[in-house]
Structures are given as structure tokens and as C-alpha cells.
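A quick write-up on the structure given underneath.
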Amino acid sequence: MKKDAAQMGRGAAAHQRTEMRRAQLLEAMAAMMRKGTLPHTLSDLAKAAGMSTATSYRYFQSLDEVAQAYLVKVMTELRDFANSRPETGRELLHVVSRFWINVVMEHGAVLVQIRSRRGFFDRLHGKVASTVRGHEARKRALYGVLLEEGLPVSLQEDAAMLYNTMFDPRDILDLINLRGLDPDRVTDVLIQSFVGALKGWHRGMGDLHPAITAVK
């Protein structure tokens, strides 16, 4: 039993060390991107993190893996926040969107630089982890909005794609930094625009997604 306890202790220590090293590399990438620089190789990133290249390869095999891990971390925080909220429908969408804008204000410089070149549906159906986490974070709110607006729930993925497009970190930062809108106003404007776009999308796709009666 003592041997088992010792093995469990060593396993826990190894896991903690792994998480610490991974976090160290993620923070190094974020710090470089906030300064407007991008690491060209994993060796560059390892140097910035203060570790050897060999050590960095124990945790990530490429810069793309590091970027994806960073996105997964951010989107997991968003999902966990959304799951903790009691609101539903448009009210929940407002709360989740406002939280997302806070995330963008904190991580925006990094998020802008590591956005995927693949389309939303391609990433969602391909089960890209960060896209799936983001979808999980917004799915309940989008479902509620569809019901409140009398739109078919079969539009869920379409709604997620439209939301992803309209709440692009680049545009959020422009609205705040260049147009001078405060985060609350950005949230209100984008949600109103999103709901309008969702209705227009349904009109255009109506033969594929017949309307339903709104749930009161």
C-alpha cells in the first residue's frame, strides 16, 4: 500500500510538472504576441520560455499545437462561465457575449494572430477542440434565442457560424479602440445585429428551415 501511495505521489508530481511546463510555454507565446512578435520555431518559443528545445518537445510538437492549446484554454474558461449562469435565451447570450468581450480585451492581441485559416463549419465538423469548446459555451444561449424569436432550432449551427463571424476579436477591438464604443455598447450593438442577421439568414434559407411558433 505504501508503494502504491508513493507511485500515486510521483504520478501527481509528474502531472503537476507537465501542466507547469505547458503553461510556461503558453505564457511565453502570449507574451511574445502581445509585443507584436511571433516565434518562428518551437526552439524560439522554448528560448523565450527559459527552457531547452528538447524539453519543449516533450509537451508540444509544433507551434500550431501551442496555439491550439492556448485557444482551448481560453474557450474552456468561456464554456465554464456560460455553464455556471442561470439565465436563458437572449439574456444569457448578453451575459456570455459580455464575458467574451472581456476575454477579447485581455487576450485580443494574441487571439487575432492565431486565428485559424479554416472556416467555422470545417473546424466544427472536424472537431477542432477550441471551436468545439466555443460552440459548447454559446450553444444553450443560441438555442434559447432561436426559440424566443420563433426560429427553427435546426438553425443552431448556422446561428453559431453567424455569431462567430460577428463577434470576431478583430472587429471587437476596432469598435472599442477605433470607434470609441465602450464594451457594454459593443455587446448591445453586436447582439442586435446578430439577431437581425439571424432572421435575415432564415429568410434566405427558409425552404430548408421552416419557422416554428415562438415559445413564450
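Please give the charge dipole size of the stretch 62-216, origin at the Cα centre, charges +1 on K and R Cβ atoms and -1 on D and E Cβ atoms. Round to the nearest 20 debye.
180
How high is the relative contact order of the chain, in percent, with contacts defined as C-alpha pairs under 8 Å that are six or more residues apart? Write down the numbers at each step before the final one.
On the way: 193 pairs, mean separation 42.8, N = 216.
About 20 percent, as a whole number.
Lys73 to Met205: FRET efficiency via 1/(1 + (r/R0)^6), r the Cβ-Cβ distance, R0 45 Å, to the nearest 0.05?
On the way: r = 34 Å, r/R0 = 0.76.
The formula returns an efficiency of 0.85 here.
In the stretch 31-127, which trypsin sites (Lys or Arg not before Pro) are in a loop and have at most 11 other Cβ atoms within 10 Å, using DSSP for the loop call?
Values: sites: Arg34, Lys35, Lys47, Arg58, Lys73, Arg79, Arg90, Arg98, Arg115, Arg117, Arg118, Arg123, Lys127; in loops: Lys35, Arg58, Arg115, Arg117, Arg118, Lys127.
Sparse-neighbourhood loop trypsin sites (Lys or Arg not before Pro): Lys35, Arg117, Lys127.
Asn83 versus Ser116, label points 7 Å from Cα toward the beta carbon: distance in nm?
Going from the Asn83 label point to the Ser116 one covers 2.0 nm.
Mind sorting out which of (1) 1.13; (2) 1.21; (3) 1.52 is the real Cα Rg over 2.2 N^0.38 Å computed from the coordinates?
Only one listed value fits the structure, namely (2).
Once you put a point 7 Å from the Cα of Lys139 and another 7 Å from the Cα of Arg90, both along the Cβ direction, what distance in nm separates them?
Distance between the two pseudo-spin positions: 2.5 nm.
Once label points are set 7 Å from the Cα along Cα→Cβ at both Thr55 and Thr37, what is their separation, rounded to one decimal in nm?
Going from the Thr55 label point to the Thr37 one covers 1.9 nm.
Bear in mind that the values in this text are calculations on the coordinates, not laboratory data. Everything quoted here is computed from the prediction, not taken from an experiment. Every residue, glycine among them, receives a Cβ derived from its backbone with ideal geometry; neighbour counts consider all protein chains shown.
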